[in-house]
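Undergrad: Dumping the structure here so I can ask a few things about it.
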Amino acid sequence: MSQEDANAALESVYTARDPKELADAYAAWAATYDAETASLGYLLPFLIVAWIARYVPSGEGPLLDAGCGTGLSGPSLRTLGYDDIAGLDLSSDMLRIAGSRGAYGELKEAALGGPLPWPDGHFRAFFSTGVFTIGHAPASGLHELTRITRKGGHAIFTVRDQVFESAGFQTVFDELERTKKWRPVEESPWFRCYAIAEPDALVKAFVFEIL
């Protein structure tokens, strides 16, 4: 395991051309994902917990970890008293690892951007880190995530700088606000998502209240 291995794996997921290629890339990376992203100082699965704790009282749920990967956020949330968490990911290999953590009551395989297998207003909040990034979930996936989140609930997620404008995130944000599906609550400054490597990889965290 090395930073070189991690960088090569990152390249494979960022250059995937469709959901199948992305799932295949994560299948190949699943077994070493946690160790290799840790070697880069990957912050997001742990940092997002702070925003969740700010807006969602512990004991309120259910929460959806949208694009949960190996489930790195789940145990931190359980430690803080969140015990009703579902996970969603396009990679069955990543979901198997997430399931082994004992933090998720429900895990489902699906890709963001398509229909999601929950009814309207099901979740108290959804959160997502490292998913709205290069070669990953489209901004349009926010429509379906908003649909399955209840009124008064929250959308808490990060977006990578390189796709924010080019992939139309602001357009989707504006559309959801204009149609009174959500309202903006907080956004962070741009910040590094890797504490050790990739100093130019910047993300911003966003919080919206569902209307």
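Undergrad: If we scan the range 183-191, do we find a residue that is at pLDDT below 95, within 19 Å of V131 (Cβ to Cβ) and either of a type in the set (D, E) or touching a Pro at 6+ places or on another chain (Cβ under 6 Å) (or both)?
TA: No: the range 183-191 contains no residue that is at pLDDT below 95, within 19 Å of V131 (Cβ to Cβ) and either of a type in the set (D, E) or touching a Pro at 6+ places or on another chain (Cβ under 6 Å) (or both).
Undergrad: F191 passes all but one of (1) crowded, with 17+ Cβ neighbours inside 10 Å; (2) touching a Leu at 6+ places or on another chain (Cβ under 7 Å); which number fails?
TA: (1)
Undergrad: What are the pairs, 6+ residues apart or on separate chains, where a residue within the range 190-202 that is without any contact (Cβ under 8 Å) to a residue 24 or more places away in the chain and under 18 Å from E36 (Cβ atoms) has its Cβ under 8 Å from a residue that is assigned to a strand (DSSP E or B) and charged (D, E, K, R)?
TA: Taking only residues 6 or more apart or on different chains, the pairs are P199/R192.
Undergrad: For the range 34-143, give me every one of the helices (runs of 4 or more DSSP H) that falls completely inside it and has 3 or more residues that are touching a residue at least 40 places away in the same chain (Cβ under 8 Å).
TA: The qualifying helices (runs of 4 or more DSSP H) are 44-55, 92-99.
Undergrad: Could you check the range 159-211 and list, in sequence order, the residues that are in contact with a helix residue (DSSP H, G or I) (Cβ under 7 Å, 6 or more places away or on another chain), assigned to a loop (DSSP other than H, G, I, E, B) and more than 21 Å from I148 (Cα to Cα)?
TA: Matches in the range 159-211: W190, C193, I196, A197, E198.
Undergrad: Another question, then. Would you mind telling me which numbered condition in (1) closer than 25 Å to V163 by Cβ; (2) of a type outside the set (A, V, I, L, M, F, W, C); (3) crowded, with 19+ Cβ neighbours inside 10 Å H143 fails?
TA: All conditions pass for H143, except number (3).
Undergrad: Just to be sure before I move on: is R150 touching a Gly at 6+ places or on another chain (Cβ under 6 Å) and either in a strand (DSSP E or B) or surrounded by 15 or more Cβ atoms within 10 Å (Cβ to Cβ) (or both) in the structure I sent?
TA: yes
Undergrad: Restricted to the range 99-138, and to residues that are among the small types (G, A, S), at pLDDT 95 or above and surrounded by 20 or more Cβ atoms within 10 Å (Cβ to Cβ), which residue is nearest to T179 (Cα to Cα)?
TA: Per the stated criteria, the residue is A125.
Undergrad: I'm checking my understanding of the structure. Among residues of the range 84-98 that are modelled with pLDDT under 95 and among the charged types (D, E, K, R), which one is nearest to I48 (Cα to Cα)?
TA: D89
The values are calculated or read from the model by the stated rules, or taken from the named source; none is laboratory data. Everything numeric here is computed off the predicted structure, so don't read it as measured data. All Cβ positions, glycine included, derive from the backbone under ideal geometry; neighbour counts span all protein chains shown.
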